[in-house]
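The values are calculated or read from the model by the stated rules, or taken from the named source; none is laboratory data. Please read all numbers here as calculations on a predicted model, not as lab measurements. All Cβ positions, even for glycine, are placed from backbone atoms using ideal geometry, and neighbour counts span all protein chains on display.
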Amino acid sequence: MVLSEFLRDSIALADVELRKLRRDPAELATRAIQPTLWLVVFGNVFAHLRAIPSGSLSYLAFLAPGILAQSVLFIAIFYGISVIWERDLGILQKLLVSPAPRSALVFGKALSAGVRGVSQALIIYVLAFLMGVELRFEVLAIAGVIASVILGAAVFSTFSLAVACIVKTRERFMGIGQVLTMPLFFASNAIYPLSVMPDWLRAVAVANPLTYQVDALRTLMVVGGESAFGLAVDFGVQALVLAALVLVAARLYPNIVR
């Protein structure tokens, strides 16, 4: 009963968040610009140079899952600013006096970020297909990609919410978000394999949740993709990080109105 109420409250909040997206479909078009540039420009240049080893995969096939993970990261890492807007508009105060547990409020926002991430997956799939990348279209593989995208977006959006609860101002939050995105992206296996990294960077990458999302996506999305850690580890690490972040963010959530 407690779990069903938790899910009901989380889904209700996620539905509210997604209605905002339905009212502004142009956001999806603008979100497509950055991954298009990465795949079409960066991907083609480095595929031609053959400067980065990608094993049995072509570099474009190696890169496409990494760019999907990057797109999800960039959407999710700035998600916390919505909490600051809601506080300024008085919406957050109403949510906090509702009977819904704080963890359900946080998890609901994480779910809505995940659905936004799925829209990016559709864009990347179309781009990669048009560029000749061999994609996997089995039902289980696509379901795994969707699950990985939702889970990854939930992880980074919840982290973003926790940061927003600490810094409390839009200007400070935007500065921190910009500082975090590039280190998270470049300290992962999104655009180059772990094997080419120096030891210190490889250690950072192994501690980076984005690495496990990319690893899962590379296995499930492209033909010939292989997991360096195993899908069970990829999903397990992300799930554990999400659970920890939901607890932390739920504890910090009321602090933003103080």
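Observations on the model:
- Total residues in segment 121-173 satisfying the condition of being among the hydrophobic types (A, V, I, L, M, F, W, C), over 23 Å from Leu231 (Cα atoms) and crowded, with 16+ Cβ neighbours inside 10 Å: the figure is 10.
- Looking at segment 164-258, the helices (runs of 4 or more DSSP H) lying wholly inside it that each contain 3 or more residues that are in contact (Cβ under 8 Å) with a residue 60 or more places away in the chain and of a type in the set (Gly, Ala, Ser) sit at 231-252.
- Within segment 22-114, helices (runs of 4 or more DSSP H) holding 1 or more residues that are at pLDDT 85 or above and under 21 Å from the mean Cα position of the chain (by Cα): 59-77
- Qualifying residue in segment 13-21 (condition: under 23 Å from the mean Cα position of the chain (by Cα), closer than 18 Å to Leu122 by Cα and modelled with pLDDT of 70 or more): no
- Scanning segment 122-149 for residues that are touching a Leu at 6+ places or on another chain (Cβ under 6 Å) and under 22 Å from Gly236 (Cβ atoms) yields a count of 4.
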